[in-house]
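Taking it in order: structure first as structure tokens, then the write-up.
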Amino acid sequence: MFDSLRDSMSWLHTWSGLILGSILFAVFWMGSLTVFDREIDRWMMPESRLQFVPDQFSLEAVVAKFIPQESSRWQVVFPTSRSPVAGVYYLIDEGYERVDVDPNTLSSLAVTETMAGTGFIFRFHYSLHIRWNEVGLWIVGLAAMSMLVLLVSGVIIHKKIFSDFFTFRPKKKLARSSLDLHNISGVLALPFHFAITLSGLIIYIAIYFAPVIDRTYGEHTNTFLQDSAGIWQREPAHTPAGPLSSLDSMIEQSSDIWGGSSIVYVRGWNLDDSNGTIEVRRTRLDDVSLNFDWISFDADSGELIDQHTAKPVTAAQRWITGFHFIQFDHWALRWLFFVLGIAGCVLIATGFLVWLGTRRKTHKTAGFQTVESLTVASVTGIIIATLAFFIGNRLLPVDANWLGIIRSDIEQWIFFLAWAGAFIHAFSRTAKPGIAWAEQCCLISAFSVLAVGLNAMTTGDHLFNSISTGKFAVAGMDLMLMFGALVTAYAAHKIYSAQRKHQQHSSGNLDKFQAEQSN
Amino acid sequence: MKLDPPLTCVIHQDTNLTTPKPRGRAALSATNNPAAIVQRVLLAVLLGYFLSAEIAGLVGVSLTRFLDLSESATLSAMFAFIIYTLVILWAFADRSLIRLWVCIPGGAISCYSLSTYLAAGVSI
């Protein structure tokens with residue numbers, strides 16, 4: 001584009017970052033939270049804060065107790081230590097019923113109607129909740145591609161990548177120290193950011209690069225999903241079904257075949273037919289890979305019909321997918337992913353600050369002001385919206401149903417309305433530089449404390465209680481909220497004191513000027 | 001291929017003597033050619049996507065000689081993201097817009113033709 005590669009890359013880095021940075025921040029923020037999606041679920045669904053003892057779970061007992069005989073299709077999601085509730089879903093009269101079961105007592109649990117972490121935050125991360133024609137997925141994909149481009153161009157425009165690694169000048173001007181922070185978070189976490197972005201894209205090869213699969217299959221019928229995931233369905237025989245064979249022995253057999261691995265879920269298919277099948281899926285807890293492994297049994301005879309394991313390349317793709325999902329049982333890595341994800345948020349936010357800082361003196365235009373307000377709304381704004389979502393979850397009555405909107409939808413409305421409010425605030429508070437930042441930081445701090453307080457009041461699980469009874473998901477969430485409150489309170493304090501200093505400085509100059517004039 | 005007549009070279013030298021070419025940030029802020037930027041974005045994001053998909057598709061078809069169909073498709077589709085990244089960077093790095101207009105759509109069409117030819121050969 002320009003004479004030198006560095007100039008071209010610098011231009012590309014600046015403008016693609018500016019245009020897609022807001023979406024990237026939202027994706028990184030929601031992605032970092034998704035690392036702890038099941039812990040957020042526990043916080044938002046107080047009934048599910050259970051202690052789970054794995055050995056006591058019997059699928060047969062659950063199916064006998066909760067699934068009606070006439071249901072032809074059902075699924076039971078096994079409880080895990082992070083998600084200690086057995087999820088029972090069954091088809092009856094053309095509609096699915098859901099029951100949450102306490103695996104210890106085999107009694108059904110009340111359910112707080114909420115999308116929580118796995119329903120709302122996780123889906124926001126990859127689709128922005130724009131479901132129409134998968135437009136959200138494509139926007140996130142475009143933002144992810146720009147992240148790859150930003151990372152490579154960012155490395156190219158760096159002359160001294162090694163010395164930048166050790167340079168942080170927090171006492172210098174904001175433009176300087178935010179550039180340092182941009183460089184540190186960018187360079188330090190570069191391998192992670194590259195790997196997490198690329199792996200996120202690779203999850204959706206069948207959508208993002210569908211033409212590649214079409215070309216490869218060429219004249220053959222495109223049976224990609226059947227071939228790679230082993231999706232398979234047995235034709236019904238149209239003869240009535242006999243009694244269901246022992247489910248627990250199927251589980252035992254599967255576990256033996258998989259070297260002692262446990263089960264993530266079991267599904268029943270066509271159980272009103274003599275060709276009914278039971279599909280057993282291998283757990284993803286003991287390995288990085290988000291595996292495609294399944295074993296199918298005949299529902300009547302209990303005989304093993306078929307099994308599937310991914311072929312080598314697909315297994316590699318499943319490993320990459322599993323790396324991105326981080327559902328396997330490894331707490332140290334889960335925290336590392338969270339911290340590095342937040343480092344990505346810092347990288348994107350400081351990128352905006354660098355853009356603003358280098359133009360503050362020369363470009364006091366409407367465009368500059370728009371970018372500044374947009375940055376505030378997309379950085380602190382989305383955090384406020386997330387906290388409003390948590391607070392709404394604790395404040396709404398259990399049976400809330402307003403204007404025909406169900407409770408879980410009201411929670412989502414609260415999120416989007418709070419975010420819209422943050423936008424309006426950011427675009428209206430532009431008179432003094434930094435004031436929008438400071439006020440939104442104060443609000444984050446207050447909302448975090450409020451969320452912790454509401455959790456204690458509505459569920460009784462205050463910090464002391466949650467730690468002493470081993471509800472570490474709840475304790476961890478409360479602690480992170482309090483930590484966030486401290487950080488944002490400190491940030492707001494710094495902005496306000498810098499403003500005061502700035503005011504004194506300029507009014508001091510004015511005094512001097514007036515004194516000189518009177519002389 | 002440099003076919004510039006000597007006259008333009010002289011003019012270039014003259015301007016270089018009087019006003020030095022802007023460099024660094026000055027060069028960046030001097031980008032006031034929206035038409036060229038729109039072309040590059042179009043070449044990088046849209047046509048670049050098709051080029052990378054067709055290159056990866058050609059790789060996928062070629063791999064079917066050694067791997068199963070689903071395995072070839074998965075492997076080549078995974079690499080498509082790397083190819084796409086490089087194509088986008090190239091679309092902004094190359095000084096010549098004409099070269100980009102020739103290579104990106106041309107490359108996509110060539111790869112598409114070759115892979116459909118190969119796929120037809122495989123199925124026979």
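The values are calculated or read from the model by the stated rules, or taken from the named source; none is laboratory data. Worth saying up front: this structure is predicted, and the values here are computed from it rather than measured. Backbone-built Cβ (ideal geometry, glycine too); neighbour counts: all protein chains shown. Surface accessibility is based on the protein's heavy atoms, side chains included, excluding ligands, DNA and RNA. Shrake-Rupley method; radii C 1.70, N 1.55, O 1.52, S 1.80 Å.
In whole angstrom, how far apart do the alpha carbon centroids of the range B:81-124 and the range A:54-94 sit? A separation of 50 Å, based on Cα centres. Each 10 Å bin, from zero up to the one with the longest distance, holds this percent of the alpha carbon pairs of the range A:9-150: 11, 29, 26, 18, 10, 4, 1. The angle between the Cα long axis of helix A:407-428 and the longest principal axis of the Cα atoms of chain A comes to about 10 degrees, rounded to the nearest 10.
Would you please classify the overall shape of the range A:188-234 from the alpha carbon gyration tensor, given that a ≥ b ≥ c denote the square roots of the eigenvalues, rounded means a/c under 1.5, and beyond that prolate means a/b larger than b/c while oblate covers the rest?
On the way: a/c = 4.82, a/b = 2.10, b/c = 2.29.
It comes out oblate by the Cα gyration axes.
Remind me, relative contact order of the range B:33-123 in percent, using alpha carbon pairs under 8 angstrom and six or more residues apart?
Across the range B:33-123, relative contact order equals 44 percent.
The label point for A:His462 and the one for A:Phe194, both projected 7 Å from the Cα toward the Cβ, are 5.0 nm apart.
Here A:Lys501 and A:Gln369 are evaluated by their C-beta separation; at R0 = 25 Å the FRET efficiency comes out at 0.60.
Can you give the FRET efficiency for A:Asp409 and B:Ser96, using 1/(1 + (r/R0)^6), R0 = 51 Å, r = Cβ-Cβ distance, to the nearest 0.05?
About 0.45, to the nearest 0.05.
In the range B:69-83, burial by the other protein chains removes 50 Å² or more of 1.4 Å probe accessible surface, compared with the chain on its own, from B:Leu69, B:Ser70, B:Glu71, B:Ala73, B:Thr74, B:Ala77, B:Met78, B:Phe81.
Chain B against chain A buries an accessible area of about 4000 Å², both chains summed, 1.4 Å probe radius.
Going by the alpha-carbon gyration tensor, a ≥ b ≥ c the square roots of its eigenvalues, is the range B:81-120 rounded (a/c under 1.5) or, if a/c is not under 1.5, prolate (a/b greater than b/c) versus oblate? Oblate, because a/c is 1.5 or more while a/b does not exceed b/c.
Across peptide B:33-41, the average count of Cβ atoms from other chains found within 10 Å of a residue's Cβ is 1.
When +1 charges are put on Lys and Arg Cβ atoms and -1 charges on Asp and Glu Cβ atoms, the dipole computed for the protein assembly as shown relative to its Cα centre reaches about 4420 debye. Projecting the Cα atoms of A:Ser58, A:Tyr90, B:Trp90 onto the charge dipole of the protein assembly as shown (Cβ charges, centred on the Cα centre) puts B:Trp90 farthest toward the positive pole. What is the Cα radius of gyration of the range A:289-433 over 2.2 N^0.38 Å, N being its residue count? Cα Rg divided by the expected 2.2 N^0.38 Å: 1.63. In order along the range A:101-111, phi translates into HN-Hα couplings of 10, 6, x, 7, 9, 6, 10, 6, 9, 5, 10 Hz, rounded to whole numbers, per the Karplus curve 6.51 cos²θ - 1.76 cosθ + 1.60 with θ = phi - 60° and x for Gly and Pro.
For the range A:32-119, GluC sites (Glu not before Pro) meeting the loop criterion (DSSP other than H, G, I, E, B) and having at most 16 other Cβ atoms within 10 Å: A:Glu70, A:Glu94.
Overall dimensions of the range B:32-100, expressed as equivalent-ellipsoid semi-axes from the Cα gyration tensor (√(5λ), whole Å, largest first), are 30, 9, 8.
Cross-link reach is defined here as a Cα-Cα straight distance under 17 Å, omitting same-chain residues fewer than 8 places apart; for A:Lys494 the aspartates and glutamates meeting it are A:Glu439. Can you give me the distance in nm between label points at A:Thr223 and A:Trp335, each placed 7 Å from the Cα along the Cα-to-Cβ direction? The answer from the label model is 4.9 nm. Contact-buried residues of the range B:107-121, at a threshold of 30 Å² lost accessible area versus the chain by itself: B:Ala119 (1.4 Å probe; DNA, RNA and ligands ignored). Label positions at A:Ser108 and A:Ile19, each projected 7 Å from the Cα along the C-beta direction, are separated by 5.3 nm.
Would you mind estimating how fast the range A:361-519 diffuses translationally, via Stokes-Einstein at 37 °C and 0.692 mPa s with the Kirkwood radius over Cα pairs, in µm²/s?
It comes out at roughly 180 µm²/s.
If R0 is 45 Å, what FRET efficiency do you get for A:Met482 and B:Leu42 from their C-beta distance, rounded to 0.05?
Given R0 = 45 Å and the Cβ-Cβ separation, E is 0.40.
Averaged per residue, chain A has 48 square angstrom of accessible surface, using a 1.4 angstrom probe with ligands and nucleic acids left out. Compared with its chain on its own, the range A:201-250 contains the following residues whose accessible area drops by 30 Å² or more in the full protein assembly (probe 1.4 Å; ligands, DNA and RNA excluded): A:Ile202, A:Ile205, A:Phe209, A:Pro211, A:Val212, A:Arg215, A:Thr216, A:Tyr217, A:Glu219, A:His220, A:Phe224.
The convex hull around the C-alpha trace of chain A, projected and averaged over every direction, spans 32.0 square nanometres.
Just tell me how shielded B:88-96 is by partners: mean number of partner chain Cβ atoms within 10 Å of each residue's Cβ, no decimals.
Taking all residues of B:88-96 together, the mean is 6.
Charged neighbours of A:Glu70, selected by a Cβ distance under 13 Å, balance to -4 (K, R count +1; D, E count -1).
The loop-placed chymotrypsin sites (Phe, Trp or Tyr not before Pro) in the range B:61-124, going by DSSP, that have at most 11 neighbouring Cβ atoms within 10 Å of their Cβ come out as B:Phe66.
Heavy-atom surface analysis with a 1.4 Å probe gives the range A:419-482 a carbon and sulfur content of 77 percent of its accessible area.
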